[in-house]
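What follows is calculated from the coordinates using simple rules that are stated; it is not laboratory data. As the structure is a prediction and not an experimental result, all values here were calculated from the model. Note that each Cβ is placed from the backbone with ideal geometry, even for glycine, and that neighbours are counted across all protein chains shown.
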Amino acid sequence: MNETHVMEYIEQVSSLGIVPGLDSIRELCRRLGNPQKGLKFIHVAGTNGKGSVSAYIATVLQEAGYRVGRYISPVIFGYRERIQINGRMITKKALCQGMDHMKSVCDEMVREGLPQPTSFEIETALGFLYFLEKGCDIVVLETGMGGLLDATNIVENTVAAVFTSISMDHMKFLGKTLEEIAEQKAGVMKCGCAVVSTDQKPEIMSVILRKAEELSCPVTIVDQGKICKAEYGLERQRFDYGSRKKLEITLAGRYQVENAALAVEVLDVLAQRGFPVTEDKLRRGLRETRWPGRFTMIKKRPIFIVDGAHNEDAAKRLAESVTFYFTNRKIIYIMGILKDKEYEKIIALTHAYADHIITVTSPGNPRAMSAYELALEVSKVHPKVTAADSLEEAVEMSLLLADSQDVIIAFGSLSFLGRLMEIADATFGKAAKRNGRSK
């Protein structure tokens with residue numbers, strides 16, 4: 001296979017849909033020699049914050065000298081981003097050779113009358129193979145959609161099960177209540193593993209604590225009261241957490257302080273389980289962590305922010321950050337949302353802060369709500385909304401509407417943010433050249 005063949009194969013398999021459950025991934029991994037059994041994992045579940053918390057943990061462990069595998073979903077900049085070792089994506093050669101092998105095994109399963117493994121199952125198994133082959137000391141493993149029936153939950157050697165903020169999402173598959181969704185997420189716990197969670201709503205925390213007790217898992221919960229002296233900013237944030245003073249992060253958004261505190265608790269637990277990290281490496285790792293697309297400022301004049309607020313809880317956090325950082329500023333939105341998300345709630349939580357809203361269709365995503373459909377929904381609550389024909393048009397339009405002191409915020413589905421960031425970079429470059437010539 002070459003890269004084109006890989007993407008064609010994945011698109012073909014993806015068209016078959018999502019099938020929750022572990023039978024297929026178990027059989028696939030069995031035929032591959034069960035590579036997951038030779039690895040140790042930090043299994044990260046939750047609705048929002050998984051990527052950021054995973055990024056903090058992986059970067060600190062890498063700084064400390066460990067060989068760290070990382071499996072993420074969804075991706076922003078390219079397909080190979082989902083499988084990484086020490087921040088480097090799987091090589092093109094390894095992806096193509098690995099996927100060729102995966103296809104032959106999957107084809108064999110189908111010939112024997114077994115179900116075709118889903119694209120996520122194939123990617124997960126490929127990740128296990130790659131991490132084992134490259135000798136990873138530990139793997140930071142993000143769940144895909146849920147936990148209990150998620151393909152990643154085939155793993156057994158879980159050192160720590162980590163829970164970021166849990167809220168309503170993927171109700172079709174995970175349940176209609178917070179308790180039902182929490183039950184699915186809590187399914188990543190393994191007997192005796194460490195459990196580390198951010199502070200959750202009482203009904204969620206009760207599920208986590210009950211499950212942890214059943215499996216004899218020691219529990220650590222982030223103490224919000226230990227977070228103090230926070231200094232917030234778009235490029236740098238500092239805070240104290242308990243006895244640790246002046247911890248520094250570069251990820252923006254008030255919620256990133258909470259995510260970093262969760263990562264610190266995880267790293268302290270890991271130190272007790274064979275993965276010690278010096279204080280200097282911990283601080284350096286937090287400071288060096290990058291996670292583009294999560295309230296990330298990519299340009300300054302005007303300020304251009306991209307954020308993956310794609311569900312109700314993330315929209316609340318985006319609204320909090322907007323009101324905190326940009327009081328009395330003119331704000332233009334570029335908004336793109338998937339059909340199966342709670343778009344009415346996302347619109348309701350965010351529309352009031354925008355002077356003008358530009359809607360886009362997330363390109364190449366069959367689940368995308370069209371720019372026109374989204375504009376119709378927005379127009380019910382906001383007087384100034386325009387449907388853009390393309391991402392390029394949306395960026396150009398936002399720059400025409402914004403002065404140098406204004407703010408542009410692109411948010412919604414993560415699937416279009418990578419391309420939009422590329423377009424914004426090129427568009428700002430052209431504008432700078434024009435301005436230079438006009439002087």
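Using the structure shown, list the pairs from Lys93/Lys134; Lys330/Lys384; Lys50/Lys229; Lys316/Lys341 with a Cα-Cα distance above 18 Å, or answer none.
As for pairs spanning more than 18 Å Cα to Cα, those are Lys50/Lys229.
Using only the alpha-carbon atoms, what does the stretch 1-43 span along each of its principal axes? Please give whole angstrom values in decreasing order.
The principal-axis extents, from largest down, are 32, 25, 23 Å.
Can you compute log10 of I(q)/I(0) for the stretch 6-104 with the Debye formula, treating each Cα as one identical point scatterer, at q = 0.12, 0.18 Å⁻¹?
-0.49, -1.16
If the chain between Arg254 and Cys228 were fully stretched, how many nm would it gain, using 0.36 nm times the residue separation less the Cα-Cα distance?
The Arg254-Cys228 span can extend by a further 8.1 nm.
Once phi is turned into θ = phi - 60°, what whole-Hz ³J(HN,Hα) does the Karplus curve with 6.51, -1.76 and 1.60 give for every residue of the stretch 248-264, x standing for Gly and Pro?
In residue order, the calculated couplings are 10, 10, 10, 6, 8, x, 4, 5, 5, 5, 5, 4, 5, 4, 4, 4, 4 Hz.
Given H placed on each backbone N at 1.01 Å, which residues far from Thr386 in sequence or on other chains put an amide H within less than 5 Å of it?
Result for Thr386 returns Ile357, Ile358, Thr359.
Considering every Cα-Cα pair within the stretch 351-406, what fraction, in whole percent, is farther apart than 12 Å?
Value for the stretch 351-406: 65 percent of Cα pairs lie more than 12 Å apart.
Can you work out the Karplus-derived ³J(HN,Hα) for every residue in the stretch 106-111? Use 6.51 cos²θ - 1.76 cosθ + 1.60 with θ = phi - 60°, whole Hz, and x for glycine or proline.
5, 4, 5, 4, 5, 4
At 7 Å along the Cα-to-beta-carbon direction for both Glu8 and Asn157, put a label point, then send me their distance in nm to one decimal.
With each label point 7 Å from Cα toward Cβ, the separation is 3.8 nm.
Arranged from highest to lowest average of other beta-carbon atoms within 10 Å per residue, in what order do the peptides 316-323, 107-114, 304-311 appear?
Result, highest mean Cβ count within 10 Å first: 304-311, 316-323, 107-114.
Order of 384-391, 247-254, 74-81 by packing, highest average Cβ count within 10 Å first?
Put in order of decreasing packing, that is 247-254, 384-391, 74-81.
So, by mean Cβ neighbours within 10 angstrom, what's the order for 349-356, 261-268 with the highest one leading?
For the peptides 349-356, 261-268, the packing ranking is 261-268, 349-356.
Averaged over every viewing direction, what's the projected area of the C-alpha convex hull for the stretch 181-228? Give it in nm², one decimal, please.
About 3.4 nm², averaged over all directions.
Using only the alpha carbons of the stretch 304-351, what is the convex hull's orientation-averaged projected area in square nanometres?
3.3
Could you compute how fast the chain diffuses translationally, taking Rh as the Kirkwood radius over C-alpha pairs and applying Stokes-Einstein at 25 °C with viscosity 0.890 mPa s? Give it in µm² per second.
109
Pull up the DSSP beta bridges for the stretch 191-277 and report the antiparallel fraction as a percent, rounded to 5.
For the stretch 191-277, the DSSP antiparallel bridge percentage is about 70.
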